[in-house]
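Below: the structure, in structure tokens.
The values are calculated or read from the model by the stated rules, or taken from the named source; none is laboratory data. On a predicted model such as this, the values are computed, not experimentally measured, just so you know. When we count neighbours, we look across all protein chains shown, and the Cβ atoms used for this are built from the backbone with ideal geometry, even at glycine. When the accessible area is computed, the model is the full protein with side chains, heavy atoms only, and any ligands, DNA or RNA have been set aside. Shrake-Rupley method; radii C 1.70, N 1.55, O 1.52, S 1.80 Å.
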Amino acid sequence: MKSKATSFDIAYQAGVSQSTVSRALRDSPLVNQETRDKVKAIARELNYKVDKNASNLRQQQSRTLALLLFEDPTTDDSLINPFFLSMLGSITRASAQAGYDLLVSFQNMSDDWHADFEDTNKADGIILLGYGDFDDYRDKLTQLEEQQTHFVRWGAIDENHPGVSIGCDNFQGGFDITQHLIDLRRKQFAFIGGADSHAPEFLARYQGYCKALEENGKAGDSVCQISAISTEESGYSAASDLIKSGDKVDAIVCASDLIAIGVMQAFKDSGVEVPDEVSIVGYDNIPASRFTNPPLTTVAQNTILAGELLVKSLLELISNEEVEPQLMPVEIVVRKSSVIM
């Protein structure tokens, strides 16, 4: 007796993966029309029938949420930006309180991370965390939206960004931390961090920085903006370039605490006193910011509330409720890296 054809048989003959067969038979927009037609033709030849029981089972809720982290370059083996570790705890607690398990993985676990969870019914919805290159995964977020996957992301709120975003007021944070330095009567300013569409959060912080200088008549006192990703090494390298340039600065706004930690070390290695000769501030209020020497002035984001809002918003999406993006306030935490005692 001839065995019943399976989706793996179709995949073998079509020269594609089994998950691609599954998507093609569902007319998923993730599969081009030519491949869909080819897969369906082979399915007809093999007299393939969809297992209705399995299909119905897949459509049932798993009572599991997926948390996908961006794989960051770090000084340890975690590959997780320390800012997101505290948010991870909040998300875990909020999920458990709602009666959901939490599946944690990395966003780049496969080329099709954006589709894997729907196809396998691993999770009812996805939370995306990370400061990766937004331009690189914008298309995948659009595909998530097109296939009606329930997902929320931590990040900049912009009507042109796919999906529902929960984030902090990065523009206001950049403005407030710069105003703090202006109030200290600092004269020459620099911003270290990305300031383009690849990093929308950093861009908003930079725009807030520029607005504060402009409103105080100090736009001409801004020495430069130097790009850096959110690592200590990148901050150290950017600060070293600034020092070598000979440009005199006495106030540096960094797009993240990790950048600021590297910047402080570079100036200290060059014999420049912080904050006596240059005030340095960061953004994120990661735990290490309290223990730098001197302790780092920074912008705090409420990671406990952030985790709770991410879970709450995702569960509302899963329940087919209308969900709006949410912008959280920020708070300046003043420490000794900016203020001469």
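Failed condition for residue 303, given (1) open to solvent by 70 Å² or more (accessible area, probe 1.4 Å); (2) closer than 30 Å to residue 323 by Cα, with all others met?
All conditions pass for residue 303, except number (1).
Can you tell me which residue in the range 161-194 is nearest to residue 141 (Cα to Cα), limited to those that are in contact with a strand residue (DSSP E or B) (Cβ under 9 Å, 6 or more places away or on another chain) and of a type in the set (Asp, Glu)?
169
Got a sec? Which of 225, 172, 179 is open to solvent by 20 Å² or more (accessible area, probe 1.4 Å) and either outside any helix (DSSP H, G or I) or aromatic (Phe, Trp, Tyr) (or both)?
Matching residue, one of 225, 172, 179: 225.
Restricting the range 293-323 to residues that are under 23 Å from residue 170 (Cα atoms) and among the β-branched types (Val, Ile, Thr), which is modelled with the lowest pLDDT?
Per the stated criteria, the residue is 323.
Would you mind finding the one in 104, 152 that is modelled with pLDDT under 95, open to solvent by less than 20 Å² (accessible area, probe 1.4 Å) and assigned to a strand (DSSP E or B)?
152
If we scan the range 35-47, do we find a residue that is open to solvent by 30 Å² or more (accessible area, probe 1.4 Å), within 27 Å of residue 287 (Cβ to Cβ), assigned to a helix (DSSP H, G or I) and at pLDDT 85 or above?
no
State all residues of the range 155-169 that are surrounded by 24 or more Cβ atoms within 10 Å (Cβ to Cβ) and either modelled with pLDDT of 90 or more or more than 19 Å from residue 255 (Cβ to Cβ) (or both); if no residue qualifies, say none. Break it down into steps so the answer makes sense when it comes.
Pass one, the range 155-169, residues surrounded by 24 or more Cβ atoms within 10 Å (Cβ to Cβ): 155, 166, 168.
Across the range 155-169, the qualifying residues are 166, 168.
Regarding the range 185-192, can at least one residue be identified that is within 21 Å of the chain's Cα centre (by Cα) and surrounded by 18 or more Cβ atoms within 10 Å (Cβ to Cβ)? First the steps, then the outcome.
Residues of the range 185-192 within 21 Å of the chain's Cα centre (by Cα): 191-192.
Retained after the next criterion (residues that are surrounded by 18 or more Cβ atoms within 10 Å (Cβ to Cβ)): 191-192.
Yes, the conditions are met somewhere in the range 185-192.
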